[in-house]
Amino acid sequence: MATRIGVDIGGTFTDLVYYDEGSGQTTEGKVPTVPHAPEEGVVAAIKGHVPPAVIEAAEFFLHGTTVGLNALLERRGAKVGLIATEGFRDVLEIRRGDRTEMYNLFWKQPAPLVPRRLRLEVPERMMANGQVFRPLEEGAVAPIVAAFAAEDVDSIAVCLMNAYANPAHELRVEALIREAGFTGGISLSHRISGEYREYERTSTTVIDAFVRARMSNYLRRLDERLRELGFKGTSLITRSGGGSMTFAEAEERPFETIMSGPVGGAQGASELATALDIRALITADVGGTSFDTALILDGAAQVLFEGSIDQMPVQTPWVDVRSIGSGGGSIAHVDIGGLMRVGPRSAGAVPGPACYGKGGTEPAMTDAAAVLGMLGTGKLASGINLAFDKASDAIERVGAAIGQNVEATAVGIMRISASAMANAMREVSVEQGLDPREMTLLPFGGAGPLMACLLADELGMQRIVVPPLAGNFSAWGLLGADMVQAAARTRIMPLADENLAFVNDILTELFESIGGRGAHLGRDAEPSARLDLRYRGQEHWLSIDIELEDRAITESVASIADRFRAEYARSFGSTMNDGIEIVSIRATSRIPLPRRQMTPRPIEASGAAEEAFEAYSFRLGKRVPFRLIDRAAIGEAIDGPAIVTESTATLYIDAGWQVRTGAIGELILERKALN
């Protein structure tokens, strides 16, 4: 049995999906998020939708959360002290010496997570080849620890020059810190990242130290609550780079979970694209507080090997998900110049949009959708019945400030929201030389299907696929997150036959270090490797998959070089005649979870009631009759305008679109000419 429970925490709702291996059935649920204690929302979702017998029999609990991300964005983490090599205490502020927004005269870099008084130095110096240039002065460590104790430092980050090449000094500093009596968390840069670039490695190490305590405490509380419910299986959390890791490993490597929340949707989208043979797909995950989008090509999400949060680099594999503060709870307001804006501030779970009737008075995107009739009769998940009068009152106040009536203001809120989301989608498509008009749009999340036609119109897209379990699709994607462990090490050398043996030795060390991190659940791991390659003299690199046999490279240098040149030509339009060099070696171990079936096509609800409902059509620019129909009742193609309801999401189909049900229960929307 491999029954598994997936729970994804959003800013407004906590989504649950569980898959019963025995019956092949999938069940979903949605409850309000508990911002001050997110684990309680998880418990409420499980207790409310999963029978006790299923909880006890479940083999896996898979989780996606933004606890680490929120800790960074809100600057609510540990008080961190940084120990750096003498002369390098200011690397966090010097950064790369450039500007993130080159032409923005008002740009200010974010304050570093560690203030200068808590960035202290030890005399030492390791060379990039791993040789000691200046021995560590051990006597300098104890005064630093004493200074940190006087400042009530909770966690210490140690990032010494070139420690990725030889960690001896960092290991000795750690021992000396403990000898001096420090009992808090210690993050060593060589354990966090085995790659070069001092600023990026320092930033990643500090981020790990900053979120470590908060993430660890959260995971321990959640695990304890799961055990109280009778869960006896393995608890996993998604990684920023895709896949999952055990709670125990996440406590040791919390920086790998920073983007845990949005990864589930990208994972699910990859599986769906493969099942439906969709080559190019772009996602639109619209939640209560944020909008996430990712590009899926040939059934795989695009993975970077460095991410960024609040302009702080994180040196770890990273699914390329772009996020903005735009969702169902995003609040409309009038700026100092008299223009209406939507977001990034959100009504969140408490008090929520005005139409939720929970005390909110400011107009949110959901209020605009409700006023325009896009949400049908207003019966939403978690027993929420929309208060249309409260939504209208909230929007009227903003409309008065810009001289517009309620309907025109609501239309403006929806179009502004759609424009912001479409711009994020252009970042992952147009800015990479890809045309979204030739792609399929995959909307999900509580408000994804609601915005689908608007987003397709913004981008000129012709085809939309709404997945099964659309409102809880990210939680569904969690259920397929294989256990993944990864490690990398920088070793700059020519790509040559005589260096392959050395590369294989490093791969052996990397796979051994991965194997020592956590339980493998009694399953065989699937190894893979990549080489970061560049032309000699270049600064940046491309990462190339390498063929392995018994965890060693088997293909020739000529074959590797040819594939690098082909990828270089695809990326940049030409190649160079210079020699090729290796920058870093990457090892990955994947432990597949048992495969689950895709959600089967729903049984058509023959004779299901269909209502007529008046709503606003953006294509026609006026209110017109919409068909109000249950998703299960859609079989053969029907024409919009229509509003399709299901348990956790509402699909708004504007005029000029046709919808039909696909082979595995997905809804396929295709553009038609207006009559």
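Details
- Tally of residues being surrounded by fewer than 23 Cβ atoms within 10 Å (Cβ to Cβ) and within 30 Å of Thr490 (Cα to Cα) across the range 215-228: 1
- Residue in the range 389-404 that is under 30 Å from the mean Cα position of the chain (by Cα) and crowded, with 19+ Cβ neighbours inside 10 Å present: no
- Some residue of the range 548-569 being within 18 Å of Ile492 (Cβ to Cβ) and without any contact (Cβ under 8 Å) to a residue 12 or more places away in the chain: no
- Meets criteria (in contact with a Gly (Cβ under 9 Å, 6 or more places away or on another chain), hydrophobic (A, V, I, L, M, F, W, C), at pLDDT 90 or above and within 30 Å of Arg551 (Cβ to Cβ)) for Ala486: yes
- Summed over the range 146-160, the residues that are more than 13 Å from Lys79 (Cβ to Cβ) and either of a type outside the set (A, V, I, L, M) or not assigned by TED's automatic domain parsing to the domain that holds Thr85 (or both) give a count of 1.
- Those residues of the range 211-225 which are hydrophobic (A, V, I, L, M, F, W, C) and in contact with a Ser or Thr (Cβ under 7 Å, 6 or more places away or on another chain), in sequence order: Ala213, Met215
- Residues in the range 243-276 that are outside any helix (DSSP H, G or I) and within 16 Å of the chain's Cα centre (by Cα): Gly243, Ser244, Met245, Ile258, Met259.
- Residue check for Ser417: within 30 Å of Asp298 (Cα to Cα) and touching a residue at least 12 places away in the same chain (Cβ under 8 Å): yes
- Among (1) at negative phi; (2) surrounded by fewer than 23 Cβ atoms within 10 Å (Cβ to Cβ), the one test that Met259 misses: (2)
So that you can scan it fast, the table gives a plain yes or no per residue for (1) closer than 27 Å to Arg489 by Cα; (2) in a loop (DSSP other than H, G, I, E, B):
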| residue | (1), (2) |
| --- | --- |
| Phe133 | yes, no |
| Gly139 | no, no |
| Ile156 | yes, no |
| Ala165 | yes, yes |
| Glu174 | yes, no |
| Phe182 | no, yes |
| Ser187 | yes, no |
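- Selected residue [crowded, with 24+ Cβ neighbours inside 10 Å, in a loop (DSSP other than H, G, I, E, B) and among the polar types (S, T, N, Q)] from Ser203, Ser240: Ser240
- Taking the criterion of being assigned to a loop (DSSP other than H, G, I, E, B) and in contact (Cβ under 8 Å) with a residue 60 or more places away in the chain, the residues of the range 277-290 that qualify are Ile278, Gly287, Gly288, Thr289, Ser290.
- Qualifying residue in the range 490-504 (condition: within 28 Å of the chain's Cα centre (by Cα) and either surrounded by 13 or more Cβ atoms within 10 Å (Cβ to Cβ) or not assigned by TED's automatic domain parsing to the domain that holds Thr246 (or both)): yes
- Sole exception among (1) in contact (Cβ under 8 Å) with a residue 24 or more places away in the chain; (2) surrounded by 22 or more Cβ atoms within 10 Å (Cβ to Cβ); (3) of a type outside the set (Val, Ile, Thr); (4) in contact with a Ser or Thr (Cβ under 7 Å, 6 or more places away or on another chain) for Glu170, by number: (1)
- Evaluation of Ile94 against the conditions (1) surrounded by fewer than 16 Cβ atoms within 10 Å (Cβ to Cβ); (2) modelled with pLDDT of 85 or more; (3) more than 30 Å from Arg134 (Cα to Cα) shows that the sole unmet condition is (3).
- When the residues of the range 50-79 are filtered to those that are at pLDDT below 90, buried (at least 17 other Cβ atoms within 10 Å of the Cβ) and in a helix (DSSP H, G or I), the one that is nearest to the chain's Cα centre (by Cα) is Leu69.
- Every residue from the range 316-344 that is part of a strand (DSSP E or B) and under 19 Å from Arg415 (Cβ atoms): Ile324, Ser330, Ile331, Ala332, His333, Val334, Met340, Arg341, Val342, Gly343, Pro344
- Count of the range 140-167 residues which are in contact (Cβ under 8 Å) with a residue 40 or more places away in the chain and surrounded by 15 or more Cβ atoms within 10 Å (Cβ to Cβ): 15
- Scanning the range 1-49 for residues that are out of contact with any helix residue (DSSP H, G or I) (no Cβ under 7 Å at 6 or more places or on another chain), polar (S, T, N, Q) and in a loop (DSSP other than H, G, I, E, B), we see that the one that is surrounded by the fewest Cβ atoms within 10 Å (Cβ to Cβ) is Ser23.
- Note on the range 359-388: residues that are surrounded by fewer than 16 Cβ atoms within 10 Å (Cβ to Cβ) and part of a loop (DSSP other than H, G, I, E, B) total 3.
The values are calculated or read from the model by the stated rules, or taken from the named source; none is laboratory data. Keep in mind that what you see is a predicted model, and the values were worked out from it rather than measured. Quick reminder, even Gly has a Cβ in these numbers, built from the backbone with ideal geometry, and neighbours come from all protein chains shown.
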